[in-house]
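*Asks:* Supplied in structure tokens, the structure appears directly below.
The values are calculated or read from the model by the stated rules, or taken from the named source; none is laboratory data. Given the structure is predicted, the values throughout are model-derived calculations rather than measurements. Note that we place each Cβ from the backbone using ideal geometry, even for glycine, and neighbour counts take in every protein chain shown.
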Amino acid sequence: MRPEIPFDCNSEFLEDGIRVFRELLRIDTTNPPGNEVVAANRAVEWLQEVGVESKIHDSAPTRRSLVACIGPDDENTLILSAHLDVVPADPEQWEHPPFSAVIADECIWGRGAIDMKHMAAYGLTIVRELARLKTPLKRGVKLVLVADEEAGCEFGSLHLARHRPEWLKGSVAITEVGGFTLHVDGHHVYPVQVAEKGFVWLRLHIKGMPGHGSMPHKEGALVKLAEIVDQIAAQPFPFRCTQPVQDFLEGVSKVLPFPKAAIFRGIGKEWSSDFILEKLIKEEDRSRVFKAMVRDTVSPTMARAGSKCNVIPGSAELTVDCRILPGTDPDDFVADFKQRVKGDYELEILAQGPPLVMDKEHPLFGSIEALLKEADPGCHVVPSMITGFTDARAFVELGIPCFGFSPVWLPEDLPFAPMFHGHNERIPIHGFKWGLATLFELVKRECC
């Protein structure tokens, strides 16, 4: 049963959110190249309509971020943050064009609907409403819309934090990923992100013996690359259940009956985790997520070798996306990678970022938990860790804790994870309005 739109939210406010959201979805900000400047400029116009001025930061041509604040702009300000860029979409794999914002099946379809133009629309609509109503604020509300999250944040939040740190004054930030509905044994469970894995992006330069394609041998660079990929596919890093994951598993287990609760807790036990995830959890999407939550992972993502069909290449390159758990140091991980992944290669570090953990005892987490229990009576709220990264690390660099809470109500037949960077990304209209109303109420309670 879906919850009603909560907190007696004004229908005109909600429709304004839908209008802003759909227009943002129609702006193609695929990264690469990004071209967030078009979306950022439109956001500036929306804010100017209600008398709110924005600060603009360009990290490179067409790579624009903006900051706007209403109310006191100081160290106590509440920050709402979203990124404007999106990952590529293959139109041939979509039921509706990915930049059309089509309304179909009671949903709004478009690349970025979940990740994360809905949160950008929330923030813009909330600031517009506060300004329109001239709402007295005891605490400032700051909207931060950034470029380049999908490619590592270097031209977005990190660039902003390192070149304009004074623009990001605040006590706590809210961004992705959390507040979406999980349907667990008839219960509604809402994860709130308190941790995220770090990342290390590597390029392996592989040397081999060139030769004629008619005389195969085992020393070719591509053969060596294949042997390395085989090692990586085996996921050679050991099981480790961190505290944020333990808290998530325990929180979800509380809504499950025996023996489901015991099995779910077993995901966090080294002796039972692999058996449960490989034999008992049949849904591959879910199993994949849990496996990534309990170990450092490595994924080969790009390979390059050869220039002619009849020539065995003497060199090859392999790009590897590594995601590291809280407690893993990026530099230590690189040394460990060299020990675990054998082969004749030189290692290049393309980029890296540390894992992050927030304090789940922070007052904002408690406020979110209480709010969600009003927005969806009978629901359960759990702390969570995501296996990707977000703009949170830019705020953490400045000493500002950052929680993932961009609420969306989702029906059981529309699971969150497959839409994240997947085909046919969409949000139910009801779920968007529910999320906008819920976040607006949080802002009012925290700042009014």
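*Asks:* If the Cβ limit is 8 Å and pairs must be 6+ apart or interchain, which residue in segment 39-58 that is on the phi > 0 side of the Ramachandran plot pairs with which residue that is surrounded by fewer than 19 Cβ atoms within 10 Å (Cβ to Cβ)?
*Replies:* Hits for this filter: 51/131.
*Asks:* Residue 203 versus (1) within 30 Å of residue 181 (Cα to Cα); (2) of a type in the set (D, E, K, R); (3) not in a helix (DSSP H, G or I): which is the lone unmet condition?
*Replies:* Result: residue 203 passes all but (1).
*Asks:* With segment 322-402 as the region, which helices (runs of 4 or more DSSP H) entirely inside it contain at least 1 residues that are of a type in the set (A, V, I, L, M, F, W, C) and assigned by TED's automatic domain parsing to the domain that holds residue 152?
*Replies:* Result: 392-397.
*Asks:* Could you check segment 115-197 for strands (runs of 3 or more DSSP E) lying wholly inside it with 3 or more residues that are of a type outside the set (Gly, Ala, Ser) and touching a helix residue (DSSP H, G or I) at 6+ places or on another chain (Cβ under 9 Å)?
*Replies:* In segment 115-197, the matching strands (runs of 3 or more DSSP E) lie at 141-146, 172-175, 187-196.
*Asks:* Still on this structure: Restricting attention to segment 127-163, which residues are on the phi > 0 side of the Ramachandran plot, surrounded by fewer than 21 Cβ atoms within 10 Å (Cβ to Cβ) and not basic (Lys, Arg)?
*Replies:* 152
*Asks:* Answer yes if at least one residue in segment 409-432 is surrounded by fewer than 22 Cβ atoms within 10 Å (Cβ to Cβ) and within 25 Å of residue 133 (Cα to Cα), and no otherwise.
*Replies:* Yes, some residue in segment 409-432 is surrounded by fewer than 22 Cβ atoms within 10 Å (Cβ to Cβ) and within 25 Å of residue 133 (Cα to Cα).
*Asks:* Okay, next question. Does residue 402 count as buried (at least 22 other Cβ atoms within 10 Å of the Cβ) and among the hydrophobic types (A, V, I, L, M, F, W, C)?
*Replies:* Spelling it out, residue 402 is indeed buried (at least 22 other Cβ atoms within 10 Å of the Cβ) and among the hydrophobic types (A, V, I, L, M, F, W, C).
*Asks:* Please verify whether segment 89-100 includes one or more residues that are among the polar types (S, T, N, Q), over 17 Å from residue 435 (Cα atoms), surrounded by fewer than 23 Cβ atoms within 10 Å (Cβ to Cβ) and at pLDDT 95 or above.
*Replies:* The answer is yes; a qualifying residue exists.
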